[in-house]
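Novice: Provided herewith is a single structure, encoded as structure tokens, for subsequent inquiry.
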Amino acid sequence: MANVLDLLRERGFIKQITFEEDLYRLLDEEQVTFYVGFDPTADSLHIGHYIPIMAMAHMQRAGHRPIAVMGGGTAVIGDPSGRSDMRTMLTNESIAQNVSAIQAQMSRFLDFSDGKALLVNNADWLLPLNYVEFIRDIGVHFSVNRMLSAECYKNRMEKGLTFLEFNYMLMQAYDFLMLNQQYGCTLQMGGDDQWSNMLAGADLIRRKEHKPAYACTFSLLLNSEGNKMGKTAKGALWLSADKTSPYEFYQYWRNVEDAVVKNCLALLTFLPMDEVNRLGNLPGERINEAKKALAYEVTRLIHGDEEAEKAAQAAEALFGGGGDLDNMPTSEFTAAQLTGLRLAELAQQCRLTKSIGEGRRLIGDGGLSVDGEKVIEIDATVPEEAIVAGSFMLRKGKKTYHRVLVR
């Protein structure tokens, strides 16, 4: 059986690895317990978490044991990595609610039965800590000069780095130490923006336990311009159907740039690489076949076969002349509610825009249509003929549709 690092590298996951030859040999010789951390700053995971989750699934399929660490303790502070401002601190009650919701989501991707994977909360060992003992036993192993050279801190220095945030690296390193002591965890995996924190954890284990420990980071999901993918007009692309509907989720992947389709197929699906290469290299307009496969597979993995099929049917109804419109995003109003209602306000109520003001700007830019007719007047109201017809279609831009039913 091929080494799982070869598989992860072929699919485009691997960014950086410490002591690669030693880790490669270890993964060949025994079951390795590894972990990935998830800070519960919301009650759902988003697409930024999905690459680490897929990597965890590949690792588990290769016979290794994942630990999903919910950052109930570190979320109290917030990770400064990749940010120019300080995160909003959450209450313990909010964190607990978020951890509970994410735990349910994680079970969809990993097999937690019979100890094949573990889910733990770092609040269990961080919150009871005695600060003086912690600084004495853990802080002594950290060089302030070395910490300040880390990218996650350099980016914050100009605006002011609080001592609260400065503690984050020590806390994450302590997580790795605790997992090593309690579960024999020898590998931390995660996004490349965590590299400095991961190095600190592996180094702490080597210093205190005199044992090998490793770090492996994953490439971030980027578009052709090098910017992070996963942002929509409404914000993050969530894995929760309550935050991002399966149809919206499907449409996001159906509309990705041609240049990134192959990379997305490799990272976000379990399709064999022969099929990924075939689809990703389709010429011209045939690349749309690859986009449909990508959208269907990712939606199926996250929302299930039925929701993926519904989303595909709704997309086909809009863009392919077939399928079922009942499966697309729909809002219902009474005729009385729609009569005299400004379209800018209706767009906000249908969640096409975040505010009425944004809706007015959208109309002013020529970006809103009703049944294919572009809205010209900023304060235009819902057309009477659309109300009489019993249903009509709002379109934002070229590809975002929302059906309105009149009851």
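Only the coordinates and a few stated rules stand behind these numbers; no lab work does. It should be emphasised that the depicted structure is a prediction, and the values quoted were computed from it without experimental measurement. Note that each Cβ is placed from the backbone with ideal geometry, even for glycine, and that neighbours are counted across all protein chains shown.
Novice: Based on the mean of other beta carbon atoms within 10 Å per residue, what is the order of 132-140, 252-260, 106-114, 39-47, most packed first?
Specialist: 39-47, 252-260, 106-114, 132-140
Novice: Along each of the three principal axes of the Cα atoms of the range 252-298, give the extent in whole Å, ordering the values from largest to smallest.
Specialist: Over the range 252-298, Cα extents along the principal axes are 23, 22, 15 Å.
Novice: Filter the GluC sites (Glu not before Pro) in the range 21-79 to those in DSSP coil with at most 11 other Cβ atoms within 10 Å of their Cβ, and list the result. Numbers along the way, then the final one.
Specialist: On the way: sites: E21, E29, E30; in loops: E30.
Hits after loop and neighbour filter: E30.
Novice: Same structure, new question: Before rounding to the nearest 500, sum -39500 (n - 2.57) across all DSSP H runs of length at least 4 in the chain and divide by the residue total; then give [θ] at 222 nm in deg cm²/dmol. Before the final figure, lay out each step's value.
Specialist: Numbers: 20 runs with 187 residues, N = 407.
Rounded to the nearest 500, it is -13000 deg cm²/dmol.
Novice: For the chain, give me the percentage of DSSP beta bridges that are antiparallel, rounded to the nearest 5 percent. Present the calculation step by step, with values, prior to reporting the outcome.
Specialist: Working: 19 of 40 bridges.
In the chain, approximately 50 percent of DSSP beta bridges are antiparallel ones.
Novice: Another question, then. Tell me which residues come under 5 Å, amide H to amide H, from T244 once H is placed; ignore anything under 5 positions away on its chain.
Specialist: Those lying under 5 Å, H to H, from T244 are W238.
Novice: Taking the Cβ of each residue in L199, L127 as the centre, tally the other Cβ atoms inside 10 Å and list the residues starting with the fewest.
Specialist: On the way: L199 19, L127 12.
By the 10 Å Cβ count, ascending, the order reads L127, L199.
Novice: What are the radius of gyration and Dmax of the range 4-218, computed over its Cα atoms and given in Å?
Specialist: When restricted to the Cα atoms of the range 4-218, Rg and Dmax are 16.5, 49 Å.
Novice: I've got another one for you. So for the range 231-326, if I pair up every lysine 8 or more residues apart or on another chain, how many of those pairs have alpha-carbons under 20 Å apart?
Specialist: Close lysine pairs found across the range 231-326: 10.
Novice: Any idea how far the Cα center of the range 5-32 sits from the one of the range 190-204, in Å?
Specialist: 16 Å
Novice: If you build the convex hull over the alpha carbons only and average its shadow over all orientations, what do you get for the range 330-406? Give it in nm² to one decimal. Present the calculation step by step, with values, prior to reporting the outcome.
Specialist: Details: hull surface 16.7 nm².
Averaged projected area of the range 330-406's Cα convex hull equals 4.2 nm².
Novice: Could you point to the residue in Q349, A317, L187 farthest towards the positive end of the chain's charge dipole, with +1 and -1 charges on the Cβ of Lys/Arg and Asp/Glu respectively?
Specialist: Q349
Novice: I would also like to ask the following. For the chain, take the longest principal axis of its alpha carbons; what is the angle in degrees between that and the long axis of helix 92-106, to the nearest 10 within 0 to 90?
Specialist: 80 degrees
Novice: Helix 195-208: angle to the longest alpha-carbon principal axis of the chain, degrees 0 to 90, nearest 10?
Specialist: Roughly 20 degrees between the two axes.
Novice: Can you give me the angle between helix 287-303 and the longest principal axis of the chain, using Cα atoms only, in degrees from 0 to 90, rounded to the nearest 10?
Specialist: Once rounded, the angle reads 70 degrees.
Novice: Moving on to the next point. Rounding to the nearest 20 debye, state how big the charge dipole of the chain is about its Cα centre with +1 on each Lys and Arg Cβ and -1 on each Asp and Glu Cβ. Don't skip to the end; give the middle numbers.
Specialist: Values: 43 positive and 53 negative charges, 134 e Å.
Result for the chain is approximately 640 debye, rounded to the nearest 20.
Novice: Return the label of the correct value of Rg and Dmax of the Cα atoms in Å, as calculated from the structure shown, out of (1) 24.1, 77; (2) 25.9, 94; (3) 22.9, 82.
Specialist: Answer by label: (1).
Novice: Here is a follow-up. Any idea what diffusion coefficient the range 231-326 gets from Stokes-Einstein, in µm²/s, Kirkwood Rh on alpha carbon pairs, 20 °C, 1.002 mPa s?
Specialist: Numbers: Rh = 13.5 Å.
Value of D from the Cα-based Kirkwood radius: 159 µm²/s.
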